[in-house]
Amino acid sequence: MLKWLLAYEKQFMLMVIFGAGASFDSSPTYPIGMAPPGSGDMGVHNDYYRPPLAKDLFANRPMFIDAVESFPQCKTIVPRLRDPSVRSGQVSIETRLQEIEKEAATYVRGKIELAAVRCYLQRAISECDRLWKGATKGITNYLSLLREIDRLRKNNEPVCLVTFNYDTLIEDALELLGHKINHMEDYTDRGAIFQLFKLHGSINWAHVVENGVPANVNATNGHSVLQFLIEHASDIRFSNRTILCSPVSMGAVSGNLTFPAIAIPVEQKSLFQCPGTMIDELKRILPQVTKILVIGWRAAETHFLDLLKHHLRLGTYVSIVVGGQAEATDVRVKIHTALLNNPPESREETTGFTEFIRSGRAVEFLAA
């Protein structure tokens, strides 16, 4: 065992970083702009159940409207998050939520609004995740990419996957390749081919809450628990436990009171929304990374860029896969600016995730 661990420490590593654009463009069967059969007129409004880009997290889709209705405490700020300047990308949703977070420092109601936003995000993305999987039947670009990585990796080298998405599309792809995640520890199992780091949390992750609820709140009804915790957001005490759960059970899981382990997307995050052991493991393996593939990530997470700055080795190669040249240039500039002490060699693919797989350029990158 010791010999195996020493060999593991010496191996080089591929790291793949996924952002919202990866899930948005995750279906080769229904690429961007194509609706699954049966979507009909509703397709215009539900965007074919496609996982949203950040700017569309509060879009006026029927399933998102239902999630707002479930957590009405966030209705006060939804207009600011649906503003045309946000939907057009002129102002990032991270900037807008950062403003609201700053207001909450002196406005008590603001903490309630933000707690409701976390519950909204968990509910909205869970429903989107369920419907998109129903449409794609698990046939995704994630699965194709991970299969090629597994096939082409050299010397049994492990692979590091980093995602800022809340959905579980990657977990589904990993399961089809024989790596099922049953426990939190499975995400970063050193004996597995793939280690998955979900730095902003997940729709099926729950913080265990130490608070109790009064007798008039049904502690076995998840929604009732969440409503109580939202209204008492300033007083929530989280334990250091994060557990896996069914998304529909959020609030009351196996006798525990729980709250969504999901990060609100703001510009200047200081904390990751994942177990500390996951960050410790990421710091440990970052110096081994020799090649990075970025897919659909806008490089807006300054706290993660700071991790790269302090832990990446010199000479790391970066390939950027996004949906347009302007976005590719923006991502490259952000990465190079953050890594001034270690500017990487990089290349750009500007036709998106589906075309990256379909064209064979993914295989060319992995085989190089």
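The values are calculated or read from the model by the stated rules, or taken from the named source; none is laboratory data. Values in this document were obtained by computation on a predicted structure and should not be read as measured data. Every residue, glycine as well, gets a Cβ built from its backbone with ideal geometry; the counts of neighbours run over all protein chains shown.
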### Count of the stretch 338-361 residues which are under 19 Å from Pro287 (Cα atoms) and exposed (fewer than 13 other Cβ atoms within 10 Å of the Cβ)
3
### Message
Quick test of your reading of the structure: Ile139 fulfils all but one of (1) without any contact (Cβ under 8 Å) to a residue 40 or more places away in the chain; (2) at negative phi; (3) surrounded by fewer than 19 Cβ atoms within 10 Å (Cβ to Cβ). Name the failing condition by number.
### Response
(1)
### Query
Which numbered condition trips up Pro158, out of (1) surrounded by 17 or more Cβ atoms within 10 Å (Cβ to Cβ); (2) closer than 30 Å to Asp56 by Cβ?
(2)
### Message
I need the full set of residues from the stretch 224-239 which are among the small types (Gly, Ala, Ser) and touching a helix residue (DSSP H, G or I) at 6+ places or on another chain (Cβ under 8 Å), in order please.
### Response
Ala233, Ser234
### Task
Restrict the check to the stretch 211-225 and report whether at least one residue is within 25 Å of Asp280 (Cβ to Cβ), aliphatic (A, V, I, L, M) and in the same structural domain as Ala124 (by TED's automatic domain parsing).
no
### Query
Say we look at the stretch 140-178 and pick out the residues that are among the aromatic types (Phe, Trp, Tyr) and either assigned to a loop (DSSP other than H, G, I, E, B) or in contact with a His (Cβ under 8 Å, 6 or more places away or on another chain) (or both); which of these is nearest to Thr302 (Cα to Cα)?
Phe164
## Note on the structure
Output for Cβ contacts, cut-off 7 Å, separation at least six or different chains, first residue touching a residue at least 24 places away in the same chain (Cβ under 8 Å) in the stretch 269-291, second of a type in the set (Asp, Glu) and not in a helix (DSSP H, G or I), reads Lys269/Glu301
### Query
Among (1) assigned to a helix (DSSP H, G or I); (2) under 23 Å from Asp150 (Cβ atoms); (3) in contact with a helix residue (DSSP H, G or I) (Cβ under 6 Å, 6 or more places away or on another chain), where does Ser319 come up short?
(1)
### Message
Any residue at all in the stretch 328-343 that's in a helix (DSSP H, G or I), in contact (Cβ under 8 Å) with a residue 60 or more places away in the chain and not aliphatic (A, V, I, L, M)?
### Response
no
#### Entry: So Phe58, is it aromatic (Phe, Trp, Tyr), at pLDDT 95 or above and touching a Cys at 6+ places or on another chain (Cβ under 6 Å)
no
### Message
Considering only residues that are among the acidic types (Asp, Glu) and surrounded by 16 or more Cβ atoms within 10 Å (Cβ to Cβ), which ones fall in the stretch 253-301?
### Response
Glu267, Glu281, Glu301
### Query
Is the stretch 16-26 home to any residue that is modelled with pLDDT under 90 and part of a helix (DSSP H, G or I)?
no
### Query
on the phi > 0 side of the Ramachandran plot and of a type outside the set (Ser, Thr, Tyr), is that true of Ala299?
yes
#### Entry: Complete set of residues in the stretch 144-155 that are without any contact (Cβ under 8 Å) to a residue 60 or more places away in the chain and surrounded by fewer than 22 Cβ atoms within 10 Å (Cβ to Cβ)
Arg147, Asp150, Arg151, Lys154
### Query
closer than 24 Å to Glu301 by Cα, surrounded by fewer than 21 Cβ atoms within 10 Å (Cβ to Cβ) and over 20 Å from the mean Cα position of the chain (by Cα), is that true of Asn240?
yes
#### Entry: Subset of the stretch 76-128 [assigned to a helix (DSSP H, G or I) and without any contact (Cβ under 8 Å) to a residue 24 or more places away in the chain]
Val78, Pro79, Arg80, Pro84, Ser85, Arg96, Glu99, Ile100, Lys102, Glu103, Gly110
### Identity of the residue in the stretch 50-73, closer than 23 Å to Thr29 by Cβ and assigned to a helix (DSSP H, G or I), that ends up nearest to the chain's Cα centre (by Cα)
Asp56
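Regarding the stretch 351-359, can at least one residue be identified that is among the charged types (D, E, K, R), assigned by TED's automatic domain parsing to the domain that holds Thr188, closer than 26 Å to Thr140 by Cβ and in a helix (DSSP H, G or I)?
Yes, the stretch 351-359 contains at least one residue that is among the charged types (D, E, K, R), assigned by TED's automatic domain parsing to the domain that holds Thr188, closer than 26 Å to Thr140 by Cβ and in a helix (DSSP H, G or I).
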### Message
Out of Leu146, Leu114, Leu121, I need the residue that is more than 19 Å from Leu271 (Cα to Cα) and either under 16 Å from the mean Cα position of the chain (by Cα) or not polar (S, T, N, Q) (or both). Which one?
### Response
Leu146
